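The values are calculated or read from the model by the stated rules, or taken from the named source; none is laboratory data. Fair warning: this is a prediction, and the values are worked out from it, not measured in the lab. All Cβ positions, even for glycine, are placed from backbone atoms using ideal geometry, and neighbour counts span all protein chains on display.
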Amino acid sequence: MTFLIMKISIKQFVCSLPLLVSMNTVIAQSNSQKNEITKVQKFKPPIVKSYLGNNTNGDTVKKEEAAKIILLPLLIKDNKKNTYQIDSYHFLYKRKGVIQDDETGKKESTFTTVADVFRTTPLSKIWIDNIKDGFQKGEEIYFFDIVVKDKTNRKFFAPDLKIVIE
């Protein structure tokens, strides 16, 4: 009887030995790998400006000119006139409207905003068709969160572009 118990124990030992050895190997391999940090050269984005036609941030235009420039592509250029590819941008149109107070009957100006994210420039035909003929004094067209790529596909932000309609 003791021989049988010893025989089972030896069988168990022999069967579990490869498992123990393989676990030791797995542990040894994970400890032997070295974590290396690869240093990347710090990227300093170029100084660029955002343009819509000849207009830059803070410019004011007449509503007739606004209807023309909204058809143009958004451009990002550096001081050497190199143009950068646009990856994405947000566009916001601050639209003027009129509301009437029900109690007094007095009309008041108010503003609403419509905005979207774009990956191509100029704006889509639907957007252009909806806004180009309705510009009014005091409205704004605003391009922001403009992400551009350099020649090596490194992405960076370009300055915002806000144009006020006079």
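Answer yes or no as to whether residue 77 is under 28 Å from the mean Cα position of the chain (by Cα), at pLDDT 95 or above, more than 30 Å from residue 44 (Cβ to Cβ) and of a type outside the set (Asp, Glu). The answer is no for residue 77. Looking only at residues of the stretch 42-65 that are part of a helix (DSSP H, G or I) and acidic (Asp, Glu), we find that the one that is farthest from the chain's Cα centre (by Cα) is 64.
If you check 65, 103, 36, which single one turns out to be of a type in the set (D, E, K, R) and under 28 Å from residue 130 (Cα atoms)? Testing whether each residue is of a type in the set (D, E, K, R) and under 28 Å from residue 130 (Cα atoms) leaves just 65. Considered as a group, the residues in the stretch 96-146 that are of a type in the set (Gly, Ala, Ser) and either in contact with an Asp or Glu (Cβ under 6 Å, 6 or more places away or on another chain) or not in a strand (DSSP E or B) (or both) include one that is surrounded by the fewest Cβ atoms within 10 Å (Cβ to Cβ), and that residue is 105.
Note on the stretch 35-53: residues that are modelled with pLDDT of 85 or more and either of a type outside the set (Val, Ile, Thr) or more than 13 Å from residue 158 (Cα to Cα) (or both) amount to 10.
Which is part of a helix (DSSP H, G or I) and of a type outside the set (Asp, Glu), of 68, 39? Testing whether each residue is part of a helix (DSSP H, G or I) and of a type outside the set (Asp, Glu) leaves just 68.
The residue of the stretch 72-95 that is nearest to residue 146 (Cα to Cα), among those that are part of a strand (DSSP E or B) and hydroxyl-bearing (Ser, Thr, Tyr), is 89.
Each row is one residue, and each column tells you yes or no for (1) touching a residue at least 24 places away in the same chain (Cβ under 8 Å); (2) closer than 19 Å to residue 58 by Cα; (3) in contact with a Gly (Cβ under 8 Å, 6 or more places away or on another chain).
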site	(1), (2), (3)
93	yes, yes, no
103	no, no, no
109	yes, no, yes
112	no, no, yes
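Looking at the stretch 80-91, can you tell me whether even one residue there is more than 30 Å from residue 41 (Cα to Cα), of a type outside the set (Lys, Arg) and either touching a residue at least 24 places away in the same chain (Cβ under 8 Å) or touching a Gly at 6+ places or on another chain (Cβ under 8 Å) (or both)? Yes, the stretch 80-91 has at least one match. Considering only the stretch 147-159, state which residues are part of a loop (DSSP other than H, G, I, E, B) and surrounded by fewer than 16 Cβ atoms within 10 Å (Cβ to Cβ). Across the stretch 147-159, the qualifying residues are 151, 152, 153, 154, 159. For the stretch 40-55, how many residues are of a type in the set (Val, Ile, Thr) and either touching an Asp or Glu at 6+ places or on another chain (Cβ under 9 Å) or closer than 16 Å to residue 121 by Cα (or both)? Residues in the stretch 40-55 being of a type in the set (Val, Ile, Thr) and either touching an Asp or Glu at 6+ places or on another chain (Cβ under 9 Å) or closer than 16 Å to residue 121 by Cα (or both): 2 in total.
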